[in-house]
Amino acid sequence: MARITLENISKRYGDTAVIDSLSLTIEHGEFFTLLGPSGCGKTTLLRTIAGFIVPDGGRLLLDDEDITRLPAHKRGTGMVFQDYALFPDKSVFDNVAYGLRVRKLAAREIQARVGQMLERMGLEGLATRQPAELSGGQRQRVALARALVIEPRVLLMDEPLSNLDAKLRIQMRDVIRQLQRELRITAVFVTHDQEEALSMSDRIALLRQGRIDQLDTPAALYTRPATAYAADFIGAANLIRVLARPGALGQARLELPGAVIAAPQAIERGGDALLAVRPETIEIDAASDAADATGAVPAQVVLRRYVGYKVSYALALVDGTTVHADIPAAADREWEEGARVVLHLGASCRLVSTEP
Amino acid sequence: MNPASAPAFAPASTSPGWRRALQSPWPLLALISLLILAAFVLWPLLTLFRQSAVDPQSGELGWHGFRTFIEDARYTTAFANSLLLGVVTTIGSLLLGAPLAYVVARYDFRGKSLVALLPLATIVLPDFLVAQAWLMLLGNNGVLRLALEDLGIDLPSFYGWFGMIFTLVFNLYAYAYLGMFAALKAIDGAIEEAAVNLGASSLRRALTVTFPVLLPALLVNAMIVFTLAVDNFSIPMILGGKVEVLSSLIYITFLSEMGGNPVMQSVLAVVSVLLVALVLLVQKSVVERKTYQMHQGRPPPAARARGWAARSLTAAALLLMALSMLPAAVMVVGAFTKARGPVLRYGQWTLENMERALGTAPAPIVNSLLLATAATLAGTLFATIASYLIVKKRSALVSLLDYVAMLPLAVSGTVLGIALIHSYNTGPVVLTGTWIIMAAALFVRKVPFSIRSASASLYNIPDSMEEAAINLGASPLESFRTVVLPVMKPAIWAAAILMWVTSLAEISATIVLYYGGMETMPIEMFNQIDAGYLARASAYGVVLMAAIIVPLFIATRVFRLELFSSN
């Protein structure tokens, strides 16, 4: 259990700042995810915590100890690599025992601890196997076991699930999360998969070009994205250009193509803005049904896609803007392509900033 | 994040400098490796260049050596002969090797697996051994020549162009074969299917699609064979007769300038280095500009040959293999044949040649084994460290190390020998006239191959494996020892065996560097051939072949090592 503090960490390669003066704190026992597309700096950040990268600026603290320049092999952080990095010439047992042998533990204790860990990870019986004989899922668990058996202060995971097939990936999410809770270990998890991040994390840091775009709990990140980037990266989002008319909550208005609706939040300054609307929060009504015009946005159905548990519609607003709506199968009214309808955007839409 | 709770500064690392260096000794090792190579490669080459253009008395830069080279017909003729020999040999090797590669890559026929022995045969039979064997067959008293004369076929003299080209082609076509085979295997079969789908006949497809794609590889292999032919020492020396080429002339000039001003030998050596360097430069630009990378896709599958075609392919394969293995058989027969001076009495068997080689005059055998062992031990250790530095710890220093380590490949053995002998003749370090300089020459010449072999295995070890070990608490040195080395082990063994085997067969550098009593088996064989004692030479040849075959056999059969996996 340890708390990790990053203070103004910077790292450049050539002219590019891969990490740009980044600060954050990861609390004791937290499951913290670094989320973002490739190139955003999340893996670089993880490797800085592990000690494989020395930052150009800033400090890294483990509990209250400055470990910015501490060599990697002295940090006591356990890491699980994306390709598992199992030692191909050593058996499962020897792989898991490696860290304990480096620490010169007694053979009997090593035997006991490795045995316990293998059992906990469901690997009993595989102790003498070579990595080449294992399935992807088994290798993953050996990598986890190897990192955890040394009882690290922090568990670091670099996209450990991305090489597994879909079903196994979802299973392993639960395994890892449960393990982390049981052991009450601080965990830093790197992924580009937003669903993974949402389902596993206590808090998520959404990264963009070396900076934190938004740091929040999964729920807050999903329902209250602060930027267009966040809205678009987490879940799906329609981003509609609107004109904001200032006012307090209940009075502020938004001008959309073909309609004026009540703004979901108070607006201080008017002007051009982006409205983020999640597809699953849109309701579709017949054009003539809406008695109260306020809040109903006219649109035309362009495409209807049946996906089993939901129906996905692509609709065009009066100015041609495309909007996607997901209707649960039970509530679907089978709108035909070309039909004229109105959309109710609901109160969960949000204005987001559009800064680049 | 509370700045107020910022702690008192903890020192980043408390270990003293030397202990830190021990934990990560790589920069220091890189420096040491570079210094070793500088001493045995760079410095000698510099000495060579200096000797070719600087007057030893006045210390002034003078080009009279090079002027003599251009004006003296003997030198220019030798140079022209070298070029001619190179070109003709290259064409011959490609004509033999490329079709063989095509046929083996694209067709299944009986006897095909025999062809896989070709690279092995080339390594087991050093070129001077092959020269001697063909001399015994087609030389003035050659068995085959006499037999053909009985049939009314009079062959031209084996000494001179005939012998040189014939033997060189038989020696070098294996390289052309290997190179073209690899290129054929790298072709994406889909492009040929696309051509056929678009309506091309088989011939048209071969000419307009397959051939152009193979052309860069063809050019690259042609240049490799060319440089090997031009740098070859034994074959022109043994079979050249009245025809002088650059490589033989360098050695002859070395002998004649012994004790005097080594100007002309240095000039000739510099010319030969420049020639090869030029060819390699051209080759590099061809490779970088035109080689087609086909990462995806598989090569076209081999088609089963039938009837006529199958039989002729099998016959051709058998014939080529037989001819390539023939020298070994000839050597064995010669070793056990009674001889009176240069005349071998075939049919009369004796053990006296072998007794002489093993009992009375075993010094060459002992010398060869000792020198090869010393070079292999030093070379394998060096290659392990150097390959790790080159693949995993790249830096400006290491890039320089990589370049200098590969330099000996561009320099012929004779040139290197001459460079070394003059560098360590006088001054603070005198190595000339000791076994050390001979072992150093072997080390420097063969270490590039060991480095390549060891590097190949390192490319298969992802960085994450070492990082995992470090993350688990192992220091960088400990991680190298406990994680990287075990995985490198097979490649290191392969590198060691290749180094041993090729060191045993080396002649062009050691023949310049040896002194009375330090003859190696190849040098002894060369001297015996020169004096006409072919049977005695054959006896050493048999021992040499055994010393090469046994470790190779143990490595490939017992330990199942992959000796030719790297390029």
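Every number in this text was worked out from the coordinates using simple rules, so none of it is lab data. None of the values given here were measured: they were computed from a predicted structure. Don't worry about glycine lacking a Cβ; one is built from the backbone with ideal geometry, like all the others, and counts go over all protein chains shown.
Under a 5 Å amide H cut-off, with hydrogens placed 1.01 Å from N, B:D108 pairs with B:A303, B:R304, B:A305 among residues at least 5 apart or on other chains. Whole-Hz Karplus values for segment B:113-130 come out as 5, 4, 5, 5, 6, 3, x, 5, 4, 5, 6, 6, 10, x, 5, 5, 5, 4 Hz, taken residue by residue from phi with 6.51 cos²θ - 1.76 cosθ + 1.60 and θ = phi - 60°; glycine and proline positions read x. Partner shielding of A:71-78 amounts to 6, given as the average count of beta-carbon atoms from other chains within 10 Å of each residue beta-carbon.
Over chain B, Cα pairs under 8 Å with separation of 6+ residues give a relative contact order of 21 percent.
For A:I26, neighbours were defined as the other residues whose beta-carbon sits under 15 Å from its Cβ, and their charges (Lys and Arg +1, Asp and Glu -1) total -1.
Counts of other chain beta carbons within 10 angstrom of each beta carbon in peptide A:5-13 average 1. With contributions of -39500 (n - 2.57) from each DSSP H run of at least four residues, the per-residue ellipticity at 222 nm computed over the protein assembly as shown stands at -16000 deg cm²/dmol. The calculated FRET efficiency for B:T77 paired with B:A190, based on their beta-carbon distance and R0 = 35 Å, is about 0.10. Computed from phi, the 3J(HN,Hα) profile of segment B:213-220 under the Karplus parametrisation 6.51, -1.76, 1.60 (θ = phi - 60°) reads 5, 7, 4, x, 4, 4, 5, 4 Hz, with x in place of Gly and Pro. A straight Cα-to-Cα reach below 17 Å connects B:K284 with the aspartates and glutamates B:D402, residues fewer than 8 places away in its own chain not being considered. Taking the number of Cβ atoms within 10 Å of each Cβ as an exposure proxy, the fewest-first ranking of B:K392, A:K104 is A:K104, B:K392.
Segment A:244-276 and segment B:98-126 have Cα centres lying 79 Å from one another.
Count charges around B:G379 for me, please; just the other residues with Cβ under 13 Å from its Cβ, Lys/Arg as +1, Asp/Glu as -1. So the surrounding residues net to +2. Take the Cα of B:Q57, go 7 Å toward its beta carbon, and the backbone nitrogen atoms of segment B:253-269 under 13 Å from that spot belong to B:261.
Of the DSSP H helices in chain A, those that are both long (alpha-carbon extent of 15 Å or more along the helix axis) and hydrophobic (Kyte-Doolittle mean at least -0.5) are A:92-102, A:136-148.
By the beta-carbon count within 10 Å of each Cβ, the least crowded to most crowded order of A:F52, B:F553, fewest first, is B:F553, A:F52. Along each principal axis, taking the top coordinate minus the bottom one, the Cα set of the protein assembly as shown gives 121, 74, 65 Å in descending order.
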